[in-house]
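One structure below.
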Amino acid sequence: MKTFAKGIAFAIVLATGTNSFAAAPNDENHSVTIKQLTQQTKALERATERSQEHRSLAAGYRQLAQLQREESVKLDQRAAWYAQFPIYSSDKFKRSTIDTSVYFARRYRAEAVKSDDLAARHERFAS
């Protein structure tokens, strides 16, 4: 009985410690995703009137463009990684791996250009 109680106490302490470790703040979790930043800039876009708001929105668009470029680079690297293996050269696997990665990399690059253009536009409005 005493061993059983010690076992339960140990399990409770272990679960509490694990829970607090999992709930601890993590710097990686605080980074903004492309989707979140897109939603934030669209929400700010509707209510932007003053020059300070335009500057803030331009900074948001610059950050969004940077994230989009980074994602594009990751996808290009993924496509290059797939291309080094002969199995991915067949049409069956190429469409779902290399072609998809290249398509989304181009898409993110085009969106980064649009975000840069919108940032420049709002910087002009701010001045």
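The values are calculated or read from the model by the stated rules, or taken from the named source; none is laboratory data. All of these numbers come straight from a predicted model, not from anything done at the bench. Glycine gets a Cβ as well: all are built from the backbone with ideal geometry, and neighbour counts include every protein chain shown. Only protein heavy atoms, including side chains, enter the accessible area calculation; ligands, DNA and RNA are left aside. Shrake-Rupley method; radii C 1.70, N 1.55, O 1.52, S 1.80 Å.
Observations
- Relative contact order (%) - the range 27-126, alpha-carbon pairs under 8 angstrom, separation at least six: 40 percent
- Taking each of LYS74/LYS114; LYS94/LYS114; LYS35/LYS114; LYS42/LYS114; LYS35/LYS94 in turn, the alpha-carbon distance tops 25 angstrom for LYS94/LYS114; LYS35/LYS94.
- A simple spin-label model places pseudo-atoms 7 Å from Cα toward Cβ; at ALA80 and GLN40 they are separated by 3.0 nm.
- Carbon-plus-sulfur accessible fraction, the range 43-127 (probe radius 1.4 Å, protein heavy atoms only): 53%.
- Taken along the Cα-to-beta-carbon direction at a fixed 7 Å, the label points for SER56 and SER127 span 2.2 nm.
- Full extension of the chain between TYR103 and ILE87 gives 3.8 nm of extra length, using 0.36 nm per residue less the Cα-Cα distance.
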